[in-house]
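The structure appears right after this line, and notes come after that.
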């Protein structure tokens with residue numbers, strides 16, 4: 001019996017010797033799986049942090065006006081992120097993080113937003129190289145003036161009043177073309193119609209009235225604009241512009257003054273600082289006229305400031321105050337007393353995208369001084385060709 005017992009004991013010891021080493025191996029395998037899961041979790045967290053940092057960098061670059069170079073600069077290396085995160089990482093610089101405070105989420109073609117289009121048509125921003133924009137527009141203005149006086153009848157004097165009311169309608173075709181070196185060519189051709197009504201009244205009773213109207217082509221204007229300073233973290237965009245108004249238009253027709261008919265040169269500076277969804281603008285200009293037929297209109301010094309607000313990527317509004325002072329004009333070298341003018345107006349307008357490349361612009365102009373138009377309404381349809389001409 002001793003021999004079988006010994007054999008069983010030896011067999012048990014052998015089995016134990018084979019099984020016991022398996023326990024440490026199993027424990028090591030479990031530890032390895034745990035470490036693998038932990039590494040995967042940390043990689044996922046790292047990828048998430050990378051994506052968040054990229055979004056913030058893109059947002060900051062957009063705000064300070066930094067342009068990326070290279071088609072792959074806006075992507076994350078494939079080995080650094082999960083495959084399902086690639087579409088999020090390949091967002092272009094024109095997109096802004098949805099969760100960023102004050103940000104507007106837009107798709108490709110950020111320059112096509114109504115805000116940027118509105119800033120371009122007002123001259124605060126310039127077109128990209130080779131891009132052409134054509135803007136047909138129509139503007140109506142109304143001005144009412146009254147002058148008190150005296151009326152004599154049967155040796156009696158009565159209080160009288162003369163009213164002069166003017167209705168103006170201007171159709172304008174403007175063209176803008178982006179040039180090299182951050183510059184822009186500008187061309188405009190207006191057609192003007194004006195009606196002047198005169199009404200004499202005594203004691204609120206009309207006694208005499210007359211009306212005349214005239215129409216003719218206005219002055220062809222030619223301008224060149226250039227971006228002088230690019231917007232940065234603290235500095236604004238600054239655009240310089242020189243515009244020449246030719247004397248090609250008619251001064252009057254049928255005895256009605258239409259304005260224009262003088263060679264004029266105007267220099268201006270436009271300043272803009274953007275912080276989505278708001279853009280703050282300001283402007284300063286000086287205009288000098290050249291003498292024609294012994295008539296020399298006085299120079300004009302003007303300022304403007306206001307704000308543009310993006311209500312959505314497709315719609316924006318603007319609120320702009322403009323004011324100016326025209327010095328006395330001269331006739332045959334002599335200053336005409338009382339010919340100086342003070343102009344002030346408030347413009348409230350809006351723009352909306354109707355179709356790709358087509359913008360609708362509508363604005364209301366309210367006069368703040370006696371020399372300015374009492375009110376005006378402007379409507380235009382700027383159309384931009386998205387394919388560069390060169």
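Each reported figure results from applying straightforward, stated rules to the coordinates on display, with no laboratory input. Owing to the predicted nature of the structure, the values given are computational and were not obtained by experimental measurement. So basically every Cβ, Gly included, is an ideal-geometry build from the backbone, and we count neighbours across all protein chains shown.
Quick one: grab the alpha carbon gyration tensor of the range 194-277, order the square roots of its eigenvalues as a ≥ b ≥ c, and give me rounded if a/c is under 1.5, else prolate or oblate depending on whether a/b is larger than b/c. Oblate. You can think of it this way: the chain between residue 319 and residue 368 has 16.2 nm of extra reach, that is 0.36 nm per residue less the Cα-Cα gap. Counting beta carbons within 10 Å around each of 193, 234, 244 and listing the fewest first gives the order 234, 244, 193. Would you mind pulling out the separation of the Cα centroids of the range 321-390 and the range 268-302, in Å? Answer, in whole Å: 11. On the basis of the beta-carbon distance and an R0 of 25 Å, residue 337 and residue 198 show a calculated FRET efficiency of 0.60.
In this rough spin-label picture, where each label sits 7 Å from Cα along the Cβ direction, the residue 46-residue 386 distance is 4.0 nm. Spin-label model, residue 309/residue 220: points 7 Å from Cα along the beta carbon direction are separated by 4.2 nm.
Extension gain for residue 187-residue 138 works out to 16.0 nm (0.36 nm per residue, less the C-alpha to C-alpha distance).
For the range 110-385, the fraction of C-alpha pairs more than 23 angstrom apart is 60%.
Using a simple spin-label model with pseudo-atoms 7 Å out from Cα toward Cβ, residue 211 and residue 34 lie 9.6 nm apart. Taking a label point 7 Å from the Cα of residue 235 along the Cα→Cβ vector, which residues of the range 270-311 have an amide N closer than 16 Å to it? Answer for the range 270-311: 270-274.
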